[in-house]
Amino acid sequence: MPATAINYLDPRALATIGSLELRARLIVEGLMTGMHRSPYQGISIEFAQHRPYTPGDDIRHLDWKVYGRTDKLYLKQYQKETNLDLVLLMDLSGSMAYASEDQIIDTESGRVPWRKYDHAASMAAALAYLGLQQQDRVGLIMFSDRLRGATRMSNTTEHWRGIVDLLTSGRPEPDVTPIEEGTPVAARGSRKTDLARVFDEVLGKVTRRSVLVLLSDLFDEADAIERAFARVNHRRHDLIVLQTLDPAEMEFPYRAASEFRGLEGEGFHDVDPAALRKEYLRLFNEHLDRVEATARRFRFDALRVNTGESLGPPLSHFLARRAAIVNRGGK
Amino acid sequence: MTLLLAQAEGLFTNAALAAGGAAAVSVPIAIHLLSRFRRQPRQWAAMRFLIEAIRRQRRRIQLEQLLLLLVRCLILLLLGMALAGPLLGGIARGLGIDTTERLVCIVLDDGLSTTATNIDGRARFDVLKEQALKFMDGVRSSDRIMLWRSGRPIELMYVEGTYDHDRVREDIERLKPRLGRSSLPEALEQINERLEKEGLPADRVVTAVFSDFAAGDAAESRNTAALATLARESKLILTRPMLEAPNVQVEMIAPDRLLVVPIAEGMDPTLGVEVTLRRFGNISREMTTPLTIALQAEDAAAPIAVVQRTPLWTPGQSDVTLKVHLTLPAREADAMFTETGRMFSIHARFDADERTDVLSADNERFTVVELRERVRVAVVGQADASSTGLTPERWLRFALSPSGIDADVDAPTFGPIEVIDVPTEALDEQRIIAMDAVVVLRPDLLDAQQFAALRAVTRRGGVVWCFAPAISTTATWLDRLSEAFALNWPAALEVESRAAPDDDSAPAPNPWRISLEQAIPEALSLLGADWAALVRPITITRRLPVDVSGRPASVWLAMDDGRPLLIASDADAGKLLLMTAAADLDWTNLPAKPLFVPLVQESLRSLLGSSGGREALTRLVSGDQPTLPLQWDGAQKLDMAEQGVSVTLRRSDEGLTPITALQQPGVYEASPYLAGRKLAVNVDAVDGDTAAMDEMMLADWFGGKNTWRWLDESNPQAMLAADISRANFGWPLLWIVLTLVLIETLLARWFSHAAAPGAPRFSLRRALGQVVGKVAG
């Protein structure tokens, strides 16, 4: 069973599971199994004292040993405040609907594309689960060029179901249409990611210092991204960037001349991939490098998430980052 | 389209393959275009980077695609061309980089034989013109054209050549065949000389000969060495000889005498005429040719005398000779034989249909004769007081006027030959200039001035006959004679003798005799039947050992040791005769023998008929531009009233000459009227041989076989288009193709950015292997 659980960090295994809720649970289970330790051990929690139980307190923190000896209810209190506000920012733009041919997986119910959104949503659900397990207040915001949906912030376990429901109901909407002559440039690509605008809106809603987890391919102008990150930094939030990319986007493996159709209303373009590969990869990597450099400049964590690879590394990274944040008492 | 194909044929040995290669060029283009319409759609998220890459690389990609497409098209095109056998010169010209001038020499045969009609009813000349015009379609603007007409007289129409090709076309279309003989060898020699002057390399000169190559054209094949060089100095293109066709012609018409005087008074004059018919082509069939021979005065509507014959051609017979006598009516004869002479023409003609005779221009032949009441002969000798001695003067008088023998020997004779005695000392130009002939018996007494007077006689077409003087032993006068007549004859000679010695001390040596091995001179041909009998009794005991071998003179009578007895030589327009023995019995018994009279009579009558340019004027053929003798002085034109032809005469140092060649056959008359001076022009019978010249004859002309090419009659223009360097550029082109294949492979690998994931890394060895595989495949 542990080996099977680890397999569920693999997108090919996850794709066979229809329920996002189950998928997220399996991810966390697999993650913890793979780490060979309790998820709680991974969280830096230092016991400080007991206090009497008052109604409304989470009964999970009751010290049952003291209750057994004294028949009184005491809660364990820790040395530091350990719960965080975790805001998951989920990209719902058209580009997140992309899945390359290699990411189309044969399942019993047919061929299932493993979209970037699927990968990101699985991560988001898993992260929410992990956060809620640690008493963090977790909230989810869906966006594309603007906010498309959100949940409230809560640390109750029931809240996780609401997050999963929102992730499940959210569908990236690709805009695959040719560009007609005379179409204004501004009107093209209405489903594009607009991080500057999104972060303006998000930061208006998040008043407490929070850890923001951005799950997106970040196919936006580098300047806009930089502006968005600067504002996050200015509001003293912490940001973890999980840049979700399809392996085809990173390798551009095509050779046959094809008609490339943009998912965010960029129109159709005849392309000889072999001839353009070098230049494309140069531009693409340049963009990634700039995103990384920008994040590093604001001391944000940025991680490239390959939809063809296991979810373990990004989630482990998240846990390590969370521990670091908690250890230093917030940001 | 035909022109394009013709030009293409000039570029390649197999133009179809080249066309296939050109067509194959469309394949990569079609694939390129089709690939743009059949691209697989693919959704893509990171479009902003792709669009930016497209924007930045568009020009480079387009350039790469264009370059690849170009190389691929070029490979197919060049492959097709390589297999088609490209001709280096043709390619250069096709590319328009070969602007070097070519000299195109066109020889158009417009001689007599080209007037013949082919089986299809078309005149040969029309066929040749059509081929020449089509051939002209192959010239390019930088070509210089020279056009020769090979019918006599040969005519070069553009002395320096012309670039005005339209003008050449118009001229060719306008040309009509002439009746002169085709002089192809002469025309080609002219071209040869011209090419030597031009000094152009052989591959820059094209000589195209448009001729029916009738056998008659080659009858006088000459100077083959010069023609052989022509084939080396130019590209030689010949039309194929046209098919043999039947032709019947009057080959020859020859009256017995051109100057006719009555034999004796009171006898009805007749005129013997020999006519030869000849047929070419189909000579195996039996046929008849109704022939009419007529003596005619141009100012009379009806002929004076007519004879009709219908010779029968037996199978295999190619010529027929008829001898007819035109009997001149006695009543008219009196008016016809005048003291000053009158010229008449003789016509021989027949009609035939085209099945047996494709050439009508040679069905008629003309000649002219002069009828005169008498001729005047001066006998220059010593006055002889003796009435009984048989002096040379008397022997001559008897020979010239036999009818006067019974009369008073001193009385002048007014028979057909009027004899006028001229004392030697009284000889001067004024006294003898009007004579038809002068017989000199004592040339040893003449001084240089008197010899000059004799020369004046020959200048007017007269005959001078010198006998060795009977009393001289050393002939110093031969120097003066030779000098006066510009002869290169031997100087003074000693008389040789075989006479018996006076003292009978030794036996008499055998006298010389006239050799019977010597052929009868043509002038004496009428004596042929009795020649041996007449000659055999003649002995010569004294002579002047004149040796004219190797000199411009002919020996009419030779002795048994080869020494001449009677020598004839042309002297200006007249004739000079020299008898090396005196008309004396001490020298020879000739005067007393039967030969003497006919010898003197026939010699003078024949020579008088042929001298004065008469004979030469009867041999004129179309295209000649004769020089007329002094008797024609005063004439301004030559007219042929019936045909409406008039040719102006111009004076030159040599005499009167028509300003243009006499093309139209017929009888021309001097204008204004000069004692009825006439001349006859005929078509050249030789050119009526309509049989086809064979390839061996052409090889003989042009220095061997394969030095010329036949004209492609179905596509004449291609000959000139293809008349370029035949160097085949195929193999070099194949190497170029191979190089291009290698380049294409490398470019394709390079442009396809083989480092793409999943693609094998570029390997030169693998690329070369692919190239080899493509070529092998």
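The values are calculated or read from the model by the stated rules, or taken from the named source; none is laboratory data. No experiment lies behind these values; they were computed from the predicted model shown. We place every Cβ from the backbone using ideal geometry, glycine too, and count neighbours over all the protein chains shown. Side chains included, ligands, DNA and RNA excluded: accessible areas come from the protein's heavy atoms. Shrake-Rupley method; radii C 1.70, N 1.55, O 1.52, S 1.80 Å.
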Can you name the condition, by its number, that B:Leu768 falls short on among (1) at pLDDT 65 or above; (2) more than 14 Å from chain A (Cβ to nearest Cβ)?
(1)
Answer from B:Arg58, B:Arg36, B:Arg48 - the residue that is farther than 23 Å from A:Phe219 by Cβ, open to solvent by 50 Å² or more (accessible area, probe 1.4 Å) and not hydroxyl-bearing (Ser, Thr, Tyr)
B:Arg36
Determine the pairs where a residue that is in contact (Cβ under 8 Å) with a residue 60 or more places away in the chain and at the interface with another protein chain (Cβ under 7 Å from one of its Cβ atoms), located within the range A:247-258, has a partner that is part of a loop (DSSP other than H, G, I, E, B) and hydrophobic (A, V, I, L, M, F, W, C) with Cβ atoms under 7 Å apart, the partner being 6 or more residues away or on another chain.
A:Glu249/B:Ala45; A:Glu249/B:Ala46
Which is more than 25 Å from B:Lys575 (Cα to Cα) and either in a loop (DSSP other than H, G, I, E, B) or modelled with pLDDT of 85 or more (or both), of B:Ala506, B:Ala486, B:Ala519?
B:Ala506
Let me confirm something: among A:Pro39, A:Pro2, A:Pro11, which residue is modelled with pLDDT under 70, touching a Ser or Thr at 6+ places or on another chain (Cβ under 7 Å) and either farther than 28 Å from A:Val206 by Cα or not charged (D, E, K, R) (or both)?
A:Pro2
Any residue at all in the range B:76-83 that's within 11 Å of chain A (Cβ to nearest Cβ) and modelled with pLDDT of 80 or more?
no
Can you tell me which residues in the range B:653-672 are open to solvent by less than 40 Å² (accessible area, probe 1.4 Å) and either farther than 24 Å from B:Gly151 by Cα or in contact (Cβ under 8 Å) with a residue 60 or more places away in the chain (or both)?
B:Gly655, B:Ala661, B:Pro665, B:Gly666, B:Val667, B:Ala670, B:Ser671
Looking at the range A:213-235, can you tell me whether even one residue there is closer than 26 Å to A:Ser154 by Cα, within 14 Å of another protein chain (Cβ to nearest Cβ) and open to solvent by less than 10 Å² (accessible area, probe 1.4 Å)?
yes
Boolean, B:Ile471 is surrounded by fewer than 23 Cβ atoms within 10 Å (Cβ to Cβ) and part of a strand (DSSP E or B):
no
With the first residue restricted to the range B:331-343 and required to be outside any strand (DSSP E or B), and the second required to be modelled with pLDDT under 70, Cβ contacts under 6 Å at 6 or more apart or on different chains are B:Thr340/B:Ala675
Please specify each residue of the range B:694-712 satisfying the condition of being modelled with pLDDT of 80 or more and open to solvent by less than 50 Å² (accessible area, probe 1.4 Å).
B:Trp708, B:Leu711
Taking the range A:114-153 on its own, how many of its residues are open to solvent by 10 Å² or more (accessible area, probe 1.4 Å) and of a type outside the set (A, V, I, L, M)?
13
Can you name the residue in the range A:237-285 that is within 22 Å of A:Thr307 (Cβ to Cβ) and among the acidic types (Asp, Glu) and is also surrounded by the most Cβ atoms within 10 Å (Cβ to Cβ) among such residues?
A:Glu264
Looking at the range B:541-587 only, could you name the residues that are among the hydroxyl-bearing types (Ser, Thr, Tyr), free of Cβ contacts under 8 Å to residues at least 40 places away in the same chain and not in a strand (DSSP E or B)?
B:Ser549
What tally of residues in the range A:264-276 results from selecting those that are farther than 20 Å from A:Asp220 by Cα and within 7 Å of another protein chain (Cβ to nearest Cβ)?
6
Please go through the range A:193-235 and pick out each residue that is in contact with a Ser or Thr (Cβ under 6 Å, 6 or more places away or on another chain), of a type outside the set (Val, Ile, Thr) and either assigned to a loop (DSSP other than H, G, I, E, B) or over 26 Å from A:Glu286 (Cα atoms) (or both).
A:Asp217, A:Phe219, A:Asp220
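A quick yes/no check of all residues on (1) at pLDDT below 90; (2) among the polar types (S, T, N, Q); (3) open to solvent by 10 Å² or more (accessible area, probe 1.4 Å); (4) under 15 Å from B:Leu396 (Cβ atoms):
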{"residue": "B:Met559", "(1), (2), (3), (4)": "no, no, no, no"}
{"residue": "B:Pro564", "(1), (2), (3), (4)": "no, no, no, no"}
{"residue": "B:Asp570", "(1), (2), (3), (4)": "yes, no, yes, no"}
{"residue": "B:Gly574", "(1), (2), (3), (4)": "yes, no, no, no"}
{"residue": "B:Leu577", "(1), (2), (3), (4)": "no, no, no, yes"}
{"residue": "B:Asn589", "(1), (2), (3), (4)": "no, yes, yes, no"}
{"residue": "B:Phe596", "(1), (2), (3), (4)": "no, no, no, yes"}
{"residue": "B:Glu602", "(1), (2), (3), (4)": "yes, no, yes, yes"}
{"residue": "B:Glu615", "(1), (2), (3), (4)": "yes, no, yes, no"}
Of the residues in the range B:288-308, those that are open to solvent by 60 Å² or more (accessible area, probe 1.4 Å), under 21 Å from B:Arg355 (Cα atoms) and at pLDDT 90 or above number 1
How many residues are more than 25 Å from the chain's Cα centre (by Cα), outside any loop (DSSP other than H, G, I, E, B) and either more than 18 Å from B:Phe366 (Cβ to Cβ) or modelled with pLDDT under 85 (or both) if we restrict to the range B:652-680?
1
Verdict on B:Ala533 being of a type outside the set (Lys, Arg) and surrounded by 14 or more Cβ atoms within 10 Å (Cβ to Cβ):
no
Restricting to the range B:690-705, give me the number of residues that are assigned to a loop (DSSP other than H, G, I, E, B) and of a type outside the set (Ser, Thr, Tyr).
7
Between residues in the range B:29-57 that are facing another protein chain (nearest Cβ under 7 Å) and residues that are open to solvent by 70 Å² or more (accessible area, probe 1.4 Å) and assigned to a loop (DSSP other than H, G, I, E, B), which pairs lie under 9 Å by C-beta distance while being six or more apart or on different chains?
B:Arg48/A:Glu221
Considering the range A:149-180, residues that are away from chain B (no Cβ under 14 Å) and under 22 Å from B:Ala45 (Cα atoms), and then whichever is modelled with the lowest pLDDT, we arrive at A:Glu180
Residues located in the range B:130-166, provided they are closer than 12 Å to B:Pro716 by Cβ and open to solvent by 30 Å² or more (accessible area, probe 1.4 Å)
B:Glu130, B:Leu133, B:Lys134, B:Asp137
